[in-house]
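The values are calculated or read from the model by the stated rules, or taken from the named source; none is laboratory data. Predicted, not measured: the structure shown is a model, and the values here were computed from it. Every residue, glycine as well, gets a Cβ built from its backbone with ideal geometry; the counts of neighbours run over all protein chains shown. Remember, those area values only see protein heavy atoms, side chains included, never the ligands or the DNA or RNA. Shrake-Rupley method; radii C 1.70, N 1.55, O 1.52, S 1.80 Å.
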Amino acid sequence: RLVHLDLKGAAPRAPYLEQVLPLLRTLGATGLLLEYEDTFPYAGPLELLRAPHAYSPAELRALLSRARAQGLDVVPLLPFPLQFVLKHREFAHLREVKALPNALNPHKEESLALVKAMIDQVMALHEDLQWFHIGCDEVYYLGEGEESKQWLQQQDNTAEKLCLSHIKAVASCLASCYPRVTPIVWDDMLRGMSEEALAGSGLPQLVQPMIWDYAADIDVEGKVQLIEKYRRCGFPKVWFASAFKGATGVSQALPLIEHHVQNQLQWLQVASRSPAAALEGIALTGWQRYDHFSVLCELFPVAIPSLAVCLQALKNGGYSAKVKENVEKLLGMPNLEIDTFMSTSLGTFPGSSILTLVTQVSFYLKSSVDELLERNRYVTGWFSPYHRKRKIIHPIIMYHFQPDAVSLLSKWNAVVQDLQAAMEQVFHKCAIEEWMEENVQPSLQKLQQVVDDLEEA
């Protein structure tokens with residue numbers, strides 16, 4: 001049971017992650033799937049890939065050593081096709097399609113040299129790895145570059161073959177230098193391929209596919225058949241990937257716990273109907289962005305209750321009153337509701353105050369400001385945009401809503417200050433700034449502006 005930490009957005013500070021590891025272990029995690037992206041401390045010619053808030057080599061070593069001490073396997077994830085690399089001007093010449101950072105050009109030797117250099121740097125910081133996830137999902141636009149188009153015109157060449165040879169080349173980069181490490185790949189590019197193409201590609205001897213589906217009502221029978229298909233093609237083992245957050249809306253702020261629990265229960269059904277020998281494990285994904293360029297979804301501390309329920313459901317083979325009680329005890333939450341967003345009780349787990357404050361902001365900030373500005377008849381009738389622009393107001397009207405506006409602004413400023421302080425314990429400045437600009441500032445600025453306009457008027 002691998003917990004996926006997606007570090008390509010709002011990456012928690014290393015000390016916070018170290019603090020969380022014992023809890024993950026207690027909840028039932030047996031490993032971590034670490035998607036570093038630009039938070040890895042790349043060096044030399046790759047140094048420009050590092051984000052300003054990237055972990056230092058010392059921080060990573062300490063974190064990995066703490067994970068080992070907790071008995072957690074670590075599986076690094078390098079998300080080929082590398083949007084975070086190909087967005088840089090210095091690597092743009094390796095794009096499959098010149099204008100898009102979506103896929104690596106599979107025909108350039110330099111592409112594989114880059115892949116190898118990145119794998120080597122990640123391997124150098126990790127000890128005793130058993131698996132290494134090389135991504136390879138959603139490789140859109142592969143086959144649409146000029147060199148690929150020429151290649152596809154040659155006899156017997158197909159888009160399927162191009163995709164398989166590309167995945168095989170990336171996997172071989174790892175396997176040839178690190179024969180004890182098994183590459184894992186997302187399976188979405190393989191699902192629709194013919195059995196002949198898959199079996200004849202040599203890929204089944206090289207990689208383990210990770211079948212992902214984050215829905216609450218996955219097609220169990222279809223998944224069982226897909227596993228059978230992969231077995232017939234020669235893949236000895238497969239992984240599953242469920243989700244505990246980051247899969248129900250690109251800008252989701254609070255996780256739909258019930259959705260994620262249902263997702264785990266569906267995967268348990270798939271497991272019960274598949275040969276045990278075929279299953280290597282499951283990764284509980286926690287996407288922080290849908291891709292490198294999208295907004296942030298649920299922050300990691302906010303999703304810890306969802307992760308806790310999901311891990312416990314998997315560990316205990318289902319969800320029950322006993323599981324709920326156990327999670328509440330481990331998180332220090334008197335009452336955890338899985339079918340509502342509301343988390344009324346403050347837990348004792350690391351970062352729980354962030355959950356409480358984010359819940360307040362998500363539920364009440366926009367609605368309370370909209371209530372005042374769009375549904376208060378004194379504002380809409382006597383202090384409309386027309387009046388505000390010209391700073392006109394009848395003095396008596398001010399007494400009807402200025403105190404409410406000032407009091408609401410003061411209340412929200414206090415909540416936001418508390419949230420800022422709580423987030424500073426866990427996140428870097430850039431993540432806090434991004435979250436606030438997306439989720440807080442639009443409503444807060446509207447409110448501040450009306451208070452300022454009132455004073456001027």
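Some observations on this one:
- Every pair of residues 6+ apart whose Cβ atoms lie under 8 Å, when the first sits in segment 350-368 and is closer than 17 Å to VAL20 by Cβ and open to solvent by less than 50 Å² (accessible area, probe 1.4 Å) while the second is of a type in the set (Ser, Thr, Tyr) and at pLDDT 95 or above: PRO350/TYR16; GLY351/TYR16
- Failed item in (1) buried (at least 18 other Cβ atoms within 10 Å of the Cβ); (2) of a type in the set (Gly, Ala, Ser); (3) out of contact with any Ser or Thr (no Cβ under 9 Å at 6 or more places or on another chain), with ALA247 passing the rest: (3)
- LYS87 vs. criteria in the same structural domain as PRO183 (by the TED database), touching a Cys at 6+ places or on another chain (Cβ under 6 Å) and either free of Cβ contacts under 8 Å to residues at least 40 places away in the same chain or surrounded by fewer than 19 Cβ atoms within 10 Å (Cβ to Cβ) (or both): no
- Residue in segment 259-272 that is part of a helix (DSSP H, G or I) and within 22 Å of PRO76 (Cα to Cα) present: no
- Residue identified as closer than 30 Å to LEU100 by Cβ, part of a loop (DSSP other than H, G, I, E, B) and among the small types (Gly, Ala, Ser) among ALA247, ALA243: ALA247
- Test for VAL369: is it modelled with pLDDT of 95 or more, within 30 Å of ASP453 (Cα to Cα) and within 25 Å of the chain's Cα centre (by Cα): no
- Looking across segment 436-457, the residues that are touching a helix residue (DSSP H, G or I) at 6+ places or on another chain (Cβ under 7 Å) and not small (Gly, Ala, Ser) come down to ASN439, VAL440, LEU444, LYS446, LEU447, GLN448, VAL450, VAL451, ASP453, LEU454.
- Considering segment 371-384, the residues that are assigned to a helix (DSSP H, G or I) and touching a residue at least 12 places away in the same chain (Cβ under 8 Å) include one that is farthest from LYS411 (Cα to Cα), namely TRP382.
- Matching residues in segment 225-240 - criterion: being over 12 Å from LEU190 (Cα atoms) and either open to solvent by 20 Å² or more (accessible area, probe 1.4 Å) or touching a residue at least 60 places away in the same chain (Cβ under 8 Å) (or both): GLN225, GLU228, ARG231, ARG232, GLY234, PRO236, LYS237
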